[in-house]
1. Every residue in segment 53-81 that is over 21 Å from residue 100 (Cα atoms) and either crowded, with 17+ Cβ neighbours inside 10 Å or in contact (Cβ under 8 Å) with a residue 24 or more places away in the chain (or both), please.
2. From the list 190, 195, which residue is outside the structural domain of residue 118 (by TED's automatic domain parsing), part of a loop (DSSP other than H, G, I, E, B), at pLDDT 95 or above and loosely packed, with under 11 Cβ neighbours inside 10 Å?
3. Scanning for something more than 17 Å from residue 134 (Cα to Cα) and loosely packed, with under 15 Cβ neighbours inside 10 Å, does segment 221-230 turn up at least one residue?
4. Do you know which residues across segment 224-263 are more than 30 Å from residue 120 (Cβ to Cβ), touching a strand residue (DSSP E or B) at 6+ places or on another chain (Cβ under 9 Å) and in a strand (DSSP E or B)?
5. Which condition does residue 54 not pass, out of (1) over 23 Å from the mean Cα position of the chain (by Cα); (2) within 28 Å of residue 172 (Cβ to Cβ), if it passes all the others?
6. With 89, 146 as the choices, which residue is part of a loop (DSSP other than H, G, I, E, B), modelled with pLDDT under 95 and in contact with a strand residue (DSSP E or B) (Cβ under 9 Å, 6 or more places away or on another chain)?
7. Give all pairs with beta carbons closer than 8 Å in which a residue from segment 14-33 that is free of Cβ contacts under 8 Å to residues at least 24 places away in the same chain and not assigned by TED's automatic domain parsing to the domain that holds residue 162 meets a residue that is crowded, with 21+ Cβ neighbours inside 10 Å and outside any strand (DSSP E or B); count only pairs at least 6 apart in sequence or on separate chains.
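The values are calculated or read from the model by the stated rules, or taken from the named source; none is laboratory data. The structure presented is a predicted model; accordingly, all values stated were derived computationally and were not measured. Neighbour counts run over all protein chains shown; Cβ positions are idealised from the backbone, glycine included.
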């Protein structure tokens with residue numbers, strides 16, 4: 001079995017466990033390539049990408065190419081047998097893909113061709129999928145369109161949100177990467193064309209986070225679960241001429257549907273600090289909320305602070 005020379009491309013926190021697994025695989029991670037430092041915070045201080053920081057900890061040479069030419073030059077300098085890509089954040093041109101002896105493997109958090117794009121875990125939850133998974137596939141010129149090497153399914157639990165599902169898929173994906181590296185090193189390489197109906201998982205927008213209480217409660221719960229990382233699902237409350245965004249930190253479907261009412265109306269206050277809001281179909285139990293400019297709080301405390309009671313509308 002040969003020892004592979006690897007180029008690792010990734011940027012955010014989620015890529016770090018994969019870099020650690022690659023570095024511990026017995027193969028040589030010749031270099032790490034991540035997005036350039038970005039300004040963050042009010043002072044716009046430059047922040048180093050988590051993968052770049054980890055490369056320093058592991059004493060691996062790091063690159064931060066700013067454009068396609070610099071990316072190509074970095075990969076050419078590394079002369080890899082294999083490229084490994086996890087959440088790098090940019091399409092890699094065909095001429096750069098050709099620089100690696102075996103090509104580039106990408107870890108994607110769905111069962112391709114379902115949920116191609118930037119937010120596969122979030123959209124799987126938003127759409128109420130019962131099963132998802134991880135795919136290790138070969139990059140080509142398209143967006144998540146290349147042939148499949150390995151894949152692993154993972155059930156979506158009713159208790160899952162984006163954070164818990166990401167954690168399990170990361171563990172499964174790291175195992176899959178280790179298996180893939182071993183197979184490539186042994187000359188056992190498969191390239192199976194993607195089969196099935198493709199679907200897209202585009203980057204989430206502010207409009208995707210908005211809860212419309214005229215929609216079914218199950219659909220809104222999927223949005224809350226899918227947006228548990230980053231920008232949360234939210235609704236807007238209008239009182240006394242002021243419009244306030246309220247983030248929904250956790251929610252559930254109530255055990256009983258409760259009385260009827262107009263969409264957006266408070267149906268009942270539940271023991272344990274939550275309240276049920278009427279939706280287009282059913283009700284949504286809001287458990288914890290975070291109003292704009294305030295700390296996270298039990299939903300019932302939010303209700304009491306506004307002196308709202310069953311029958312009142314959230315408006």
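1. 54, 58
2. 195
3. Within segment 221-230, one or more residues are more than 17 Å from residue 134 (Cα to Cα) and loosely packed, with under 15 Cβ neighbours inside 10 Å.
4. 237, 238, 243, 244
5. Looking at each condition in turn, residue 54 falls short on (1).
6. Unique residue meeting the criteria: 89.
7. none
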